[in-house]
Amino acid sequence: RTLSETLRHLTDQGLLEDSDADREGFYKFVLWLHGIGLMHLPITGGSVAFERMQEKKARGKGPWYRFLMSHRIPVGNPDAFLDRTAHLTRWLFSAPGLILWISLLSLVAWKCLGRFDEMFSETGNLLALGNLPILWIALVALKILHEFGHAYAAKKYGASVPEMGVQMIMLTPCAYVDAGASWKLAGARQRAIVALGGMYVETFIAAFAALVWAGTQDGFVHDLAFNVIALASVTTVLFNINPLMKYDGYFLFSDLMGVFNLQQRAQAYLKGWAHRLALGKPRMPDRYATSERLLYATYGPAAFAYRVLLAFMLTGLMTMQWPSAGMFLGVVFACLLYTSDAADERSSVD
């Protein structure tokens, strides 16, 4: 099919709407595939369509609160730098690195066993005003190293990393890399290593931090180490490893299920049923197998419910410390949840 025929087919299947937003999202996705080498289009950097999409990408879109809470700012192409330095990290994603990782975690368990009550008692100081700068710096540094974990894992297997930049998450500038080219790796094990590469590096850092925490007394170094441990644990469980959030665990889960763009497919499937039940509109026919329908019908509500629960948790936690900031955050979360379905459907790439 031509691109126009493909777009018309997706619209007929109900996966896209006949709107300017979805058409733009479709062509943006196609250009992304072209950019990472999964598709080759007869265009150059000087083509009108390419320049138009690049201008829109640079301008960004969406309301101001989406810019503050979740917005990407490309900085440059790190591929050449990664190629020059990849030889320094290849061992980390092989048997010696895995043995070191297991040994380090075992040492942490031995050193920290029996001190979990002490560790838990220190969590009350995480959101204290004096600790916020330490928490913020630790989060930014941790996420930079997390993203380099993805990047170097991708380079180990020959996948390109064409973009790196800053992503605003919860008002905090965090790093991101475009490791989407790893999807063309033939081995599922290789793709899984790239998807888990960031968390793998984070656990290394958290393990070293735990040893520092266990071996120091109260003070800046002790507090910094605890902040790193807490952030690595919380962000991994609530975000990175969780397949209900569109981070590392989501892409690993999608790969295991063999479904690309799982979140968008689940939303489109449930949207069709919602329109039928609430408005009496006929559903567009699909060719999904029974297992696919069950997956979409389960994943869609679970992902939405988890986002709502997470918004309530974070808002409540913030409100206990600073009521005004908590109320503001609650309003922002409500706006994000209200617009998230439409925004996710317009976006073909995370």
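Quick notes
- For the range 142-260, alpha-carbon Rg relative to the globular expectation (2.2 N^0.38 Å, N residues): 1.14
- A simple spin-label model places pseudo-atoms 7 Å from Cα toward Cβ; at L113 and A188 they are separated by 3.5 nm.
- Per-residue ³J(HN,Hα) for the range 210-227, Karplus 6.51 cos²θ - 1.76 cosθ + 1.60, θ = phi - 60°, Hz, x for Gly and Pro: 5, 5, 5, 4, 5, x, 10, 9, 3, x, 4, 4, 4, 5, 4, 4, 5, 4
- For the pair V308 and M320, label points projected 7 Å from Cα toward Cβ lie 2.3 nm apart.
- Angle between the chain longest axis and helix 248-257 axis [Cα atoms, degrees, rounded to 10]: 50 degrees
- Positive-pole candidate from P243, T216, L262, dipole of the range 164-283, charges at beta carbon: L262
- Shape index of the chain: Rg/Rh, with Rg the Cα radius of gyration and Rh the Kirkwood radius from the inverse mean 1/r over Cα pairs, equals 0.98.
- Nearest-20 debye value, the chain charge dipole, Cβ charges on Lys, Arg, Asp, Glu: 700 debye
- Computed lengthening from F29 to L88, 0.36 nm per intervening residue step minus Cα-Cα distance: 17.9 nm
- Working note: Karplus 6.51/-1.76/1.60 with θ = phi - 60° gives the range 150-162 the couplings 4, 5, 6, 5, 5, 5, 4, 9, x, 7, 7, 10, x Hz, where Gly and Pro are set to x.
- Dipole magnitude for the range 228-324: about 480 debye, using +1 per Lys or Arg Cβ and -1 per Asp or Glu Cβ, origin at the Cα centre.
- Contact order normalised by residue count of the chain, Cα under 8 Å, 6+ apart, percent: 19 percent
- Taking every DSSP helix (H) stretch of at least 4 residues in the chain, weighting each as -39,500 (n - 2.57) and dividing the sum by the residue count yields a mean residue ellipticity at 222 nm of -21500 deg cm²/dmol.
Laboratory data are not the source of any read-out in this text; all were calculated from the coordinates shown. No experiment lies behind these values; they were computed from the predicted model shown. Cβ sites come from the backbone with ideal geometry, for glycine too, and all protein chains shown count toward neighbours.
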